[in-house]
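Accompanying notes for the structure given below.
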Ligand code: XMP
């Protein structure tokens, strides 16, 4: 499929049989396009890049060179899951780059949200380029571009910024999902054997926890954010909310308040719970979480997460609030 326009008669993929037909066609097409050359892929662990990886592993096996950059702003267990699924189970050729120190050093003291985003995006391109130069014989770059990316932008995912790679690095693009809508990508991913946790996961911004650790990111506050988010996700999954709520997470601001912990005065950060529903992320409404569950989550966060002594609930729809805090 070379065109960037979805044919009017293209069947909407809703069943595993339809997905398998698509997969078989794409495997043949990818093999024809790539031959015996290598293909590079930035594998973030998001739905789109994961499905591209699974498809390319089936099509060309070890010719696919996946690079997973852990920017230190991933959620708890996320990079580990990428390694488990792709390296251990699918036997992918996967380079894991732990760039946590590099990112957090660059971000130290930076409070402006847009500057934080620029640093995170810019550093990704530099690291990806450094890794790309280590491979020989790579002629192709695979991308998880999907049809809404083509409809809404210039067709290139901002965080897979090909345009940001240096001019002496020329790649031909491999974009097997470019005519699919998100729900179709999920069915294809599921049919390829990816875990539901990966295929049906909630949206997660490219700059990761960086936009939820408000102001200047510090390691201890980032850790408090990661742990409180993990508790929220665990409790939402246990209580049937994970598949129902569009996006849910915690935010940890850069101020402290007084409290009492273990019989002693504490001066610690609050964790803010945000859980929203939306169709297109342009507007959003608040999920009504049962109070008993809120009490339980609050109790777990303040007892299990070092540095947090209060839990707050954000009741603001979009507008006036955005979904993220930064
Ligand atoms: P806002 O906060 O603008 O978010 O209401 C709308 C949706 O976009 C996601 N989001 C981002 N995704 N990079 C991304 O890849 C970003 O910088 C970014 N900022 C917001 C947000 O999580 C929500 O789903």
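Those strands (runs of 3 or more DSSP E) of segment 211-326 in which 2 or more residues are in contact (Cβ under 8 Å) with a residue 12 or more places away in the chain, within 15 Å of the ligand (Cβ to nearest atom) and surrounded by 15 or more Cβ atoms within 10 Å (Cβ to Cβ) occupy 247-251, 264-277. In the set (1) outside any helix (DSSP H, G or I); (2) more than 16 Å from the ligand (Cβ to nearest atom); (3) modelled with pLDDT under 95, residue 193 fails one condition alone, (3). Take residue 36 and tell me if it is at pLDDT 95 or above, over 25 Å from the mean Cα position of the chain (by Cα) and either buried (at least 22 other Cβ atoms within 10 Å of the Cβ) or in a loop (DSSP other than H, G, I, E, B) (or both). Yes, satisfied. Residue 202 meets each of the listed conditions (1) within 14 Å of the ligand (Cβ to nearest atom); (2) under 30 Å from residue 303 (Cβ atoms); (3) crowded, with 18+ Cβ neighbours inside 10 Å apart from (3).
The values are calculated or read from the model by the stated rules, or taken from the named source; none is laboratory data. All values derive from a computational prediction rather than experimental measurement. Here the Cβ is made from the backbone with ideal geometry for all residues, glycine too, and neighbour counts use every protein chain on show.
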